[in-house]
Amino acid sequence: MAGNSSQAGRMDDAGLEPWRRFFDGADIFTVLTHAILVAATDSPQEFKRRRDTIVEQIYSTPAVLPTPGTAAAVEGPSGAARRVSAENAGNKPTTTCQQEAATRRRRWVLDDEMKEASLENEEVLRIKDILLKHQEQSASFLLESLRRLQLMQLTVDVLENTKIEVVVAALAKHESHEIRDLVLDIAK
């Protein structure tokens with residue numbers, strides 16, 4: 001598409017007209033879906049390089065109210081997008097649309113943070129389980145698990161939720177000098 005991602009929501013009507021004519025009669029959302037599939041299949045490296053920009057554009061492009069006399073796409077009863085005049089679009093004011101977009105972005109970021117925290121919690125609990133069974137584990141496997149734990153930037157919440165520090169402290173008297181040293185380093 002013409003223009004960069006930051007300009008997508010700012011293109012004037014004249015700049016969009018050639019694209020409207022190009023996609024006229026097509027369900028734009030089906031076109032988008034298939035365009036993504038074609039890009040991912042035919043140009044996987046380029047798609048991978050650009051996908052963050054594409055996602056950012058989707059989440060950051062504000063809904064723009066059409067000016068009187070122009071057309072807007074709205075979803076019909078069948079789910080297909082159809083064009084209607086601005087007077088009949090029933091859109092909310094731009095500020096509300098922008099606020100909704102900002103709220104969606106915040107929810108998206110919060111959701112990502114929650115997923116990341118959950119994955120981190122799961123990894124810490126998995127390591128804790130390994131360390132609890134330290135008598136059954138080889139010294140090299142324990143060292144590897146402790147090193148992974150050492151590389152993690154654990155928050156106070158994770159420490160409190162998992163009680164991992166208690167399990168790590170129990171290894172302070174392990175027979176392996178390397179494990180004892182690593183336990184002391186983690187405890188700092």
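The values are calculated or read from the model by the stated rules, or taken from the named source; none is laboratory data. Please read these numbers as outputs of a predicted model, since none were measured by experiment. Here Cβ is always computed from backbone atoms with ideal geometry, including for glycine, and neighbour counts include all displayed protein chains.
Points worth noting:
- Flag for LEU131 being among the hydrophobic types (A, V, I, L, M, F, W, C), surrounded by 13 or more Cβ atoms within 10 Å (Cβ to Cβ) and within 26 Å of LEU171 (Cα to Cα): yes
- Test: GLN153 is out of contact with any helix residue (DSSP H, G or I) (no Cβ under 7 Å at 6 or more places or on another chain), surrounded by fewer than 11 Cβ atoms within 10 Å (Cβ to Cβ) and under 30 Å from SER60 (Cβ atoms): yes
- The set of residues from the range 106-128 being of a type in the set (A, V, I, L, M) and either surrounded by fewer than 10 Cβ atoms within 10 Å (Cβ to Cβ) or touching a residue at least 12 places away in the same chain (Cβ under 8 Å) (or both) comprises ALA117, VAL124, LEU125, ILE127.
- The listed residue being hydrophobic (A, V, I, L, M, F, W, C), over 27 Å from the mean Cα position of the chain (by Cα), at pLDDT 90 or above and within 20 Å of GLU120 (Cβ to Cβ), out of ILE179, ILE164, ILE186: ILE164
- Consider the range 26-73 and keep the residues that are outside any helix (DSSP H, G or I) and modelled with pLDDT of 85 or more. The one that is nearest to the chain's Cα centre (by Cα) is SER43.
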